[in-house]
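No value in this document is a laboratory result; all are computed from the given coordinates. All figures in this text were calculated on a predicted structure; none of them were measured in a lab. Positions of Cβ are backbone-derived with ideal geometry, glycine not excepted, and every protein chain shown enters the neighbour counts.
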Amino acid sequence: MDFSSSTQAAHEQTECQINFAELLSILVKIAEYLAAGVQYVVVLDPDPQIALVSSAEQPPRILGPDEELKFPDLLGEFRVVVRRFFE
C-alpha cells in the first residue's frame, strides 16, 4: 500500500475525557508496576465501566462491564463481574 498521497491519510477525532499526557502517565505507571514485579495491573474506567488488564505475560486486554475479572493463577476461583466495581 502506498501512503505517499495525503488522500490516503485517515483522521479520527473523538471526545475523550483524558488527554494524551494523562494517558501516557497511566501507561508509564502500568509499566512501572510491571517492571517492579507486579503480576497484574488493573485500571478501571467508570464512564464506560471497563477494566484494562495488563500483565507482563500477556498483551493488555479490555474487559467490558459484563465480563469477569479473574486471575486463577493468583486468586484461584475468585472472580468478579467488572460492573460490580462501579456499584
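About its Cα centre, the stretch 16-86 has a charge dipole of approximately 60 debye under the convention of +1 per Lys or Arg Cβ and -1 per Asp or Glu Cβ, with nothing else charged. The residues 62, 30, when put in order of fewest to most other Cβ atoms within 10 Å, stand as 62, 30. The label-point distance for residue 78 and residue 47, in a model that sets each label 7 Å from Cα toward Cβ, rounds to 3.0 nm.
Does the stretch 16-86 come out rounded, prolate or oblate, given a ≥ b ≥ c as the square roots of the eigenvalues of its C-alpha gyration tensor, rounded meaning a/c under 1.5 and, failing that, prolate meaning a/b above b/c? Oblate, since a/c reaches 1.5 and b/c is not below a/b.
Per-residue extension of 0.36 nm, minus the Cα-Cα distance of residue 87 and residue 70, leaves a gain of 4.3 nm for this segment.
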